[in-house]
Amino acid sequence: MRAANRSSVSEFLLLGLSRQPQKQQLLFLLFLTTYLATVLGNLLIVLAVSTDARLRSPMYFFLSQLSCVDVCFSSTTVPKVLANHILGTHTISYPGCLTQMYFVFVFVDMDNFLLAVMAYDRFVAICQPLHYTAKMTPQLCARLLSGSWVVASLNALLHTLLMARLSFCADNAIPHFFCDVTPLLKLSCSDTGLNRLMILTEGSVIMIAPFVCILASYVLIAGAVLRVPSPRGRWKAFSTCGSHLAVVCLFYGTIIAVYFNPSSSHSAEKDTAATVLYTVVTPMLNPFIYSLRNRDLKAALRRVVGRKTFSM
């Protein structure tokens, strides 16, 4: 069947977060501020890690990769929102919509995998410190990173191809600020059973398996920290882990609520609010949570910016 016969829709309308002009102005400013903070914060981390020889460890390597992914993740959705507001248009082409969905899947999966790899790195560093250098070798780090990219790309390609086979007939208004899979499935006038089945099966494995690894790593870390004799040392470790787990719970909680709940429990407003958290807010929070509690990285950031902006 030809592509033209699969869909009579050549473009979609992104309705955004609100149709009220005053709220649109406020949301524009919030999105712009959040995006600039996300790009600046994450690029500063990448610059600090790449220029400071004292940050040549797996932890900082994966942190810099997470920062790169977060910049790309935000750049996949937020600039389109800002451009639509400035130009006064809400359209996105059919190929552009599928392309945006593909990259959203890729970067969501990469965030997912990198959070799991970073949790494993901390587990080895805290629970098996004598074996850390032997286990977390540069070769292993490269394999973990490249493997994550391969799996994320293939998973995104699978869901994009499944979406491309669907027909979109009359309604082309997406009650969202980007081309997300859930509202697109609701617009389709063909059978979406296979798409939903793959989200609930293969998609669940992709998302939940790393989440379980993260929880297992932090449970083992907590057990090791409880054996630390110093109350101050225990509090410092638990405080840091608590901050990391807050981002993990925010990231995974919103994704599970949007993609892995029964369709009867979904509403456009709730889904849109939840996706704002993991696509816009979480990438902005990561630099603060993973950096401002780290003395070595704060010192590197001070050297990068040339003043004591990040001093406590």
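Overall, the chain carries a charge dipole of about 1220 debye about its Cα centre when +1 sits on the Cβ of Lys and Arg and -1 on the Cβ of Asp and Glu, all other atoms neutral. Taking every lysine pair in the chain that is 8 or more places apart or spans two chains, those with Cα atoms closer than 19 Å amount to 5. Computed from phi, the 3J(HN,Hα) profile of the stretch 98-107 under the Karplus parametrisation 6.51, -1.76, 1.60 (θ = phi - 60°) reads 5, 5, 4, 4, 4, 6, 4, 4, 4, 6 Hz, with x in place of Gly and Pro. Heavy atoms of the protein chains alone define the surface here; on that basis the chain has 49 Å² accessible area per residue at 1.4 Å probe size.
Based on every Cα atom in the stretch 11-310, Rg and the maximum pairwise Cα distance Dmax equal 20.4, 67 Å.
Report note on the peptides 94-107, 209-222, 192-205: ranked by the mean count of other C-beta atoms within 10 Å, highest first, their order is 94-107, 209-222, 192-205. Taking all protein chains as they are arranged and a probe of 1.4 Å, the heavy atoms of VAL39 leave approximately 30 Å² accessible to solvent.
The values are calculated or read from the model by the stated rules, or taken from the named source; none is laboratory data. In this text, all values refer to a predicted model and were calculated from it rather than measured experimentally. In this analysis, Cβ positions are derived from the backbone assuming ideal geometry, glycine residues included, and neighbour counts consider all displayed protein chains. Side chains included, ligands, DNA and RNA excluded: accessible areas come from the protein's heavy atoms. Shrake-Rupley method; radii C 1.70, N 1.55, O 1.52, S 1.80 Å.
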